[in-house]
Amino acid sequence: MLEVRDLSKAFGGLKAVDHASLDVRAGEIVGLIGPNGAGKTTLFAAIAGFHKPDAGRITLDGHDITGRPPHRICAAGMVRTFQITQPFARISVRENIMVGAYFRTADRHEAANLAEAVATQVGMGNQLDRPGSDLTVAGRKRLELARALATRPALLLLDEVMAGLNPTEISEIVEVIREVRKAGVTILLIEHVMQAVTSLAERVYVLNQGRMIAEGTPAAIAEDPQVIEAYLGHGAAKVMRA
Amino acid sequence: MRNLALAAALLAALIYPLLVPNYLITVGMLMFFTAFLGQSWNVAGGFAGQTSFGHAVFFGVGAYTSTILHVSHGWNPWLAWPVATAMGGLVGAGIAFLSFRAGLRGSYFALITLAFAEVFRIVANSATFTRGGLGMLIKADSRLENFQFTTPIAPYYLALALCLVSLGIAWRLTRGRFGARLVAIRENEDAARALGIDVFAEKVKVLTLSGAMCAAGGTFYAQKYLYIDPSIAFGIDKSVEMLLVTMVGGAGTIFGPLIGSIVLTAINELTRNAASVFPALKNVQPLSLIVYGAMLILIVARLPDGFASLLWRRRHA
């Protein structure tokens with residue numbers, strides 16, 4: 001469904017993403033992990049049209065979307081959320097989600113209905129009238145998810161929806177994400193909470209210093225010496241094996 | 001309940017000029033006219049968060065377009081009115097296109113609008129088709145079919161109608177997709193982009209609308225006062241006035257500009273009369289500016305959502 005080939009993006013002299021490739025097939029949940037500063041968010045932003053890649057190609061369902069603006073990419077069925085949540089602070093949760101829903105319909109009632117349905121889906125059904133600025137961290141993460149879902153995407157890019165949540169909240173949102181996938185949405189997620197990645201993702205990509213260093217099932221990735229070294233430092237793999 | 005209150009207010013506005021002396025009719029006309037101009041600013045500055053310091057550019061374009069067509073080319077001003085309105089929209093689209101293509105946001109956008117207004121003022125001051133600094137005089141021919149008025153009642157009702165149209169536009173914005181997108185852009189541009197909003201296109205659209213509305217006001221002004229010059233049309237005073245009434249009343253609300261306009265017009269008239277009651281104030285002129293300034297400080301510090309937030313408790317933190 002999503003194919004990224006040899007994507008590169010540099011900021012000045014820093015190669016944030018360096019010839020990275022990845023594939024997401026329809027119906028999958030794919031994880032993207034890597035140490036801090038590995039370039040995950042930059043890769044996401046480039047895929048979603050927020051950064052113009054310097055080189056490489058991104059195709060969605062066979063259509064080239066490289067360098068297209070975000071609203072075009074959204075129209076093609078792919079939408080992102082933000083690691084640092086960006087709620088529309090001064091409007092209600094309902095109105096926040098309706099902004100997403102208006103992408104599919106111009107009708108106010110339809111948009112409101114869709115917003116309510118999505119809010120219920122992510123467990124915010126009782127918070128519809130609260131302003132965006134009133135939400136807890138967990139609430140904001142759910143709101144990010146809800147707004148993105150309201151655009152009716154085929155592929156959802158989730159950037160650290162679990163960062164900053166407590167274990168109960170994490171298991172709740174893991175459930176929500178499972179349900180979203182069951183409803184037919186393919187998911188690519190950046191995540192630091194390894195337990196969540198292991199329980200959700202079928203396949204995991206590991207990015208380090210802008211390069212894709214490994215790909216495989218969560219179990220295989222955890223054993224990969226290159227991955228261990230990326231996280232724990234040079235020579236760590238040997239120590240672990242000993 | 002609220003509908004009843006609005007109906008009563010509308011009825012009061014309709015019969016008001018039949019009950020009061022001419023002076024108060026003109027004050028009422030000014031209230032509604034300023035509220036209309038404020039709403040044109042509010043559409044872009046309040047709802048979409050695109051703060052402009054140079055809305056006079058649209059006002060002036062409207063005033064000059066209709067006046068040039070009327071005075072220099074013999075058009076009927078009623079016919080020139082829609083053309084002037086369209087010109088305002090065109091200039092709005094042009095300024096938006098140039099500024100937003102260049103990625104200007106926030107205070108940079110505000111400054112560039114100020115610069116545009118100044119450029120237009122200087123051009124109007126030096127070009128021959130605008131008669132330069134002399135300004136343009138519209139020959140008095142007080143017939144309604146000539147868009148001129150013999151009594152203060154006609155312009156009062158026209159200003160009221162303009163104000164009602166602008167309220168309708170603002171109301172539509174709070175109820176529909178376009179308005180929801182504008183608010184999303186105001187609240188967070190990146191999030192708006194991620195949710196599939198073509199931020200650039202929406203901003204150009206809203207400035208087109210705002211510019212057209214404001215230009216329509218420019219023509220009305222020219223026909224009411226029969227004289228415009230570069231600083232009346234493009235001066236900073238008009239820009240500030242539009243921004244001020246909206247901020248005082250409540251930016252991004254339907255009734256904000258109207259409330260602000262009522263408050264500021266009342267202060268303006270009261271302070272003007274205060275000097276005749278208290279001779280000591282004669283040398284403190286214009287007193288209204290001092291009161292405006294003090295009030296703006298209070299509003300920004302204590303009531304950032306304007307007077308409208310006192311009437312309708314908004315739900316923000």
* Determine if the range B:287-304 includes at least one residue that is modelled with pLDDT of 90 or more, closer than 30 Å to B:GLY168 by Cβ, within 14 Å of chain A (Cβ to nearest Cβ) and not in a helix (DSSP H, G or I). => no
* Asked: Does B:VAL43 satisfy being surrounded by 24 or more Cβ atoms within 10 Å (Cβ to Cβ) and in contact with a helix residue (DSSP H, G or I) (Cβ under 9 Å, 6 or more places away or on another chain)?
  -> yes
* Structure fact -> A careful count of residues in the range B:101-131 that are more than 30 Å from A:PRO69 (Cβ to Cβ), in a helix (DSSP H, G or I) and touching a residue at least 24 places away in the same chain (Cβ under 8 Å) gives 7
* Please list, ordered by first then second residue, the pairs with beta carbon atoms under 9 Å, 6 or more apart or interchain, first in the range B:18-38 and closer than 15 Å to B:THR246 by Cβ, second part of a helix (DSSP H, G or I) and basic (Lys, Arg). => B:PHE33/B:LYS224; B:LEU37/B:LYS238
* Give the residue, chosen from B:ALA222, B:ALA251, B:ALA215, B:ALA274, that is farther than 30 Å from B:LEU69 by Cβ and in a helix (DSSP H, G or I). => B:ALA274
* **Residue check for B:GLY260: away from every other protein chain (no Cβ under 14 Å) and either surrounded by 24 or more Cβ atoms within 10 Å (Cβ to Cβ) or β-branched (Val, Ile, Thr) (or both)** => yes
* To do: Give me a count of the residues in the range A:146-181 that are hydroxyl-bearing (Ser, Thr, Tyr) and within 14 Å of chain B (Cβ to nearest Cβ).
  => 1
* Out of all the residues in the range B:189-202, is one or more buried (at least 23 other Cβ atoms within 10 Å of the Cβ), out of contact with any strand residue (DSSP E or B) (no Cβ under 9 Å at 6 or more places or on another chain), within 14 Å of another protein chain (Cβ to nearest Cβ) and not in a helix (DSSP H, G or I)? -> yes
* Specify which of the listed residues (A:PRO87, A:PRO131) is surrounded by 21 or more Cβ atoms within 10 Å (Cβ to Cβ) and more than 13 Å from the chain's Cα centre (by Cα). => A:PRO87
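The values are calculated or read from the model by the stated rules, or taken from the named source; none is laboratory data. All values derive from a computational prediction rather than experimental measurement. Note that each Cβ is placed from the backbone with ideal geometry, even for glycine, and that neighbours are counted across all protein chains shown.
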